[in-house]
Amino acid sequence: MSPFIRPRRLRTTPAMRAMVAETRVAPAQLMMPVFVREGISEPVEIKAMPSQYQHTTDSIKKLAAELAEAGVGGIDLFGVPADEQKDETGSIAWDPEGILNRGIAAVREEVGDALVVCADTCLDEFTSHGHCGVLTEDGRVDNDPTLDLYAKMALSQARAGAHMVSPSGMMDGQVEVIRQALDEGGYQDVSIMAYSAKYASAFFGPFREAVSCNLKGDRKTYQQDPANRIEGLREALLDISEGADIVMVKPASHYLDVLADVAGAVDVPVAAYQVSGEYAMVEAAAANGWIDRERAIDESIVSIARAGANIILTYWALEYARRGK
Ligand code: PBG
């Protein structure tokens with residue numbers, strides 16, 4: 001038998017395959033998550049994330065300039081304060097002299113508007129207990145008192161120069177209070193990228209080292225259960241109703257179904273965050289010679305775009321953009 005319909009015809013040469021590719025990822029749609037740390041004079045490599053660093057305010061500027069040069073769309077900043085600056089509420093998070101706000105200011109000074117300068121708006125890097133919000137007397141994460149702190153933090157980030165803030169703490173109502181605080185403060189044009197469908201994931205493991213987080217226990221009372229798909233869409237729709245400009249699904253690779261659902265249902269841009277564990281797994285397997293590193297990176301990123309992400313946060317943003325894929 002000789003078939004006359006042959007899908008293989010469109011796979012015959014690299015040029016043919018490139019021509020019919022359904023999904024392309026442009027550097028402009030990538031964001032690079034980066035860490036800026038208090039009290040260091042040289043960048044410190046993160047062991048569980050080879051080639052990723054805790055940066056000084058100087059080295060973060062250099063990296064930001066490189067990202068802009070490579071055409072990467074944005075940078076997402078996380079702060080790592082000194083241990084003795086951490087307290088029960090994470091107050092250094094909204095201090096204009098805190099490391100994250102100084103990092104934002106340094107990056108804005110360096111790149112102006114050449115990158116979308118985004119900041120993570122969450123307290124876990126800044127609290128002594130490592131939770132994303134304040135605790136009740138019996139140790140539960142207390143939603144409503146945390147909201148005011150997020151509002152203060154977001155406002156301080158806008159003042160420091162952030163184009164975009166990014167609440168990642170999964171407190172109910174967080175987008176609404178932040179939108180209100182930004183508007184009242186005169187920052188109507190600062191946008192909100194909401195971590196909407198964020199799951200209590202083991203794949204955040206290496207990030208704990210990256211931000212020197214003190215968490216004992218887990219975040220299962222505020223982040224989502226990995227078993228839940230419909231709830232991911234619910235969270236995204238809620239955030240849009242509260243004023244989110246962009247909604248995010250996180251982690252990315254193990255939640256492509258949720259990502260596809262959200263992308264099919266909403267009328268705002270959708271982001272996906274390829275998290276520290278996704279990065280670490282590929283790097284570790286590649287270092288052992290068990291996987292083709294570049295192919296695995298490219299495949300993972302294109303898969304996230306194929307599932308519907310308009311924006312991809314990835315620690316490979318700079319490398320990927322430079323490689324010209
Ligand atoms: C919370 C936050 C986390 C990550 C981004 N924001 C950690 C967590 O929720 O436990 C994880 C990012 C990654 O793993 O790359 N501020």
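Counting just the residues of region 122-146 that are surrounded by fewer than 21 Cβ atoms within 10 Å (Cβ to Cβ) and in a helix (DSSP H, G or I), which one comes out nearest to the chain's Cα centre (by Cα)?
N143
Could you grab me the full set of residues in region 220-233 that are within 15 Å of the ligand (Cβ to nearest atom) and assigned to a loop (DSSP other than H, G, I, E, B)?
Matches in region 220-233: K220, T221, Y222, Q223, D225, P226.
Filter region 101-119 down to the residues that are under 16 Å from V190 (Cα atoms) and in contact (Cβ under 8 Å) with a residue 60 or more places away in the chain, then identify the one that is nearest to the ligand (Cβ to nearest atom).
Among those that are under 16 Å from V190 (Cα atoms) and in contact (Cβ under 8 Å) with a residue 60 or more places away in the chain, it is C118.
Scan region 27-44 for residues that are closer than 25 Å to S168 by Cα and loosely packed, with under 12 Cβ neighbours inside 10 Å and report the count.
Result for region 27-44: 0.
Among the residues of region 176-196, is any of a type outside the set (S, T, Y), in contact with a Phe, Trp or Tyr (Cβ under 8 Å, 6 or more places away or on another chain) and within 13 Å of the ligand (Cβ to nearest atom)?
There is no residue in region 176-196 that is of a type outside the set (S, T, Y), in contact with a Phe, Trp or Tyr (Cβ under 8 Å, 6 or more places away or on another chain) and within 13 Å of the ligand (Cβ to nearest atom).
Here is a yes/no grid of residues against (1) of a type in the set (S, T, Y); (2) away from the ligand (no atom under 16 Å from the Cβ); (3) in a helix (DSSP H, G or I); (4) touching a strand residue (DSSP E or B) at 6+ places or on another chain (Cβ under 7 Å):
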residue	(1), (2), (3), (4)
Y150	yes, no, yes, yes
M153	no, no, yes, yes
K198	no, no, no, yes
E209	no, no, yes, yes
E235	no, no, yes, yes
V247	no, no, no, yes
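Here is a list: G217, G243. Which entry is within 16 Å of the ligand (Cβ to nearest atom) and either assigned to a helix (DSSP H, G or I) or over 14 Å from the mean Cα position of the chain (by Cα) (or both)?
Selected residue: G217, the only one of G217, G243 that is within 16 Å of the ligand (Cβ to nearest atom) and either assigned to a helix (DSSP H, G or I) or over 14 Å from the mean Cα position of the chain (by Cα) (or both).
One line per residue, one yes/no per condition, for (1) in contact (Cβ under 8 Å) with a residue 12 or more places away in the chain; (2) of a type in the set (D, E, K, R); (3) out of contact with any Pro (no Cβ under 8 Å at 6 or more places or on another chain):
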| site | (1), (2), (3) |
| --- | --- |
| V275 | yes, no, no |
| A280 | yes, no, no |
| A286 | no, no, yes |
| I304 | yes, no, yes |
| G308 | yes, no, yes |
| W316 | yes, no, yes |
| E319 | yes, yes, yes |
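The numbers here are math on the coordinates, done by the rules we state, and not lab data. Keep in mind that what you see is a predicted model, and the values were worked out from it rather than measured. For neighbour counting, all protein chains shown are included, and Cβ atoms are generated from backbone atoms with ideal geometry for every residue, glycine included.
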